[in-house]
1. So I have (1) 1.04; (2) 0.93; (3) 0.95, and one of them is Rg/Rh (Cα atoms, Kirkwood Rh) calculated from this model. Which one is it?
2. Sequence gap at least 6, Cα distance under 8 Å: using those rules, report the relative contact order of segment 20-111 to the nearest whole percent.
3. Stretched out fully, how many nm does the piece from residue 162 to residue 143 gain, at 0.36 nm a residue minus the Cα gap?
4. Heavy-atom accessible area per residue, segment 62-168, 1.4 Å probe: how many Å²?
5. Taking a probe of 1.4 angstrom, what is the accessible area of residue 135 in Å², to the nearest 10?
6. Rounded to the nearest 500, what is the 222 nm mean residue ellipticity of the chain from helices alone, with -39500 (n - 2.57) per DSSP H run of 4+ residues and division by all residues?
7. If a helix is a whole DSSP H run, which ones in the chain reach 18 Å or further along their own axis (Cα) and hold a mean Kyte-Doolittle hydropathy of at least -1.0?
8. Would you list, by chain and number, the lysines whose Cα falls below 29 Å from the Cα of residue 36, excluding same-chain residues fewer than 8 positions away?
Amino acid sequence: MAVKSRRMSPEASRLAALAAARELLTETGPQAVTLKAVAGRIGRTHANLLHHFGSASGLQKSLAEYLTRDICAKIGAAVAEVRDGKMPPRDLAELIFDSFDREGAGALASWMLLSGNEDALNPIVETIHELVDDIAEDGHADHALHMLTLEMVLLALGDSLLGKQMAASLGLAASAGREIATKRLEQSLAEEQGHKAGSA
């Protein structure tokens, strides 16, 4: 539903557009995230959105960065809780998979690739890399965490695109991908705790 136009600062207008784009992504899918649709939802003109994003691909790139930064902030906080024993690894796996599935990150990434807008994936990759370096105890040198992150992202991305169909064809539960991720996270946590115990 479009809202009545009101005066906003440039930054507030840009953030409102990104919030609306995110709503369209989760409600209808990445093909619905157009400058016209976003402008209509927030009561702005197409020209106003062009000023902020330059093009539809620019909007996609900004949305990818906006979405990923929010997701990574949640995952970073969740990782800390898992390490402190305040959250089970299963909840972290659910958060990662939901980010790619229900929050639309997987669909957006695949849509950008199909649209030839591969550069728009850079913010996703860079933001995830920043998160890994932030939560790694050895910083960029934490090879094990980099490998685990790649594994989780590929699992969650693949599951968001065809996980349910693949699981059904193999006679597995729809949640099979999440179960695999949970076991891998539990294994990684046990290895990390064992390493700490051995170093004490």
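The values are calculated or read from the model by the stated rules, or taken from the named source; none is laboratory data. Owing to the predicted nature of the structure, the values given are computational and were not obtained by experimental measurement. These accessible areas exclude ligands, DNA and RNA; they are computed on the full protein's heavy atoms, side chains included. Shrake-Rupley method; radii C 1.70, N 1.55, O 1.52, S 1.80 Å.
1. Of the listed options (1) 1.04; (2) 0.93; (3) 0.95, (1) comes from this structure.
2. On the way: 68 pairs, mean separation 29.6, N = 92.
For segment 20-111, the relative contact order is 32 percent.
3. Details: separation 19, 0.36 × 19 = 6.84 nm, distance 2.86 nm.
Full extension of this stretch gives 4.0 nm more.
4. Working: 5430 Å² over 107 residues.
Per residue, segment 62-168 has 51 Å² of solvent-accessible surface.
5. Probe radius 1.4 Å; accessible area of residue 135 about 30 Å².
6. Numbers: 9 runs with 150 residues, N = 200.
Roughly -25000 deg cm²/dmol at 222 nm, from the helical runs in the chain.
7. Numbers: long enough: 10-28 (27 Å, 0.14); 56-83 (40 Å, 0.25); 122-135 (20 Å, 0.19); 143-169 (34 Å, 0.87); 176-199 (35 Å, -1.05).
Span-like helices in the chain: 10-28, 56-83, 122-135, 143-169.
8. Within the straight-line limit of under 29 Å, residue 36 reaches these lysines: 4, 61.
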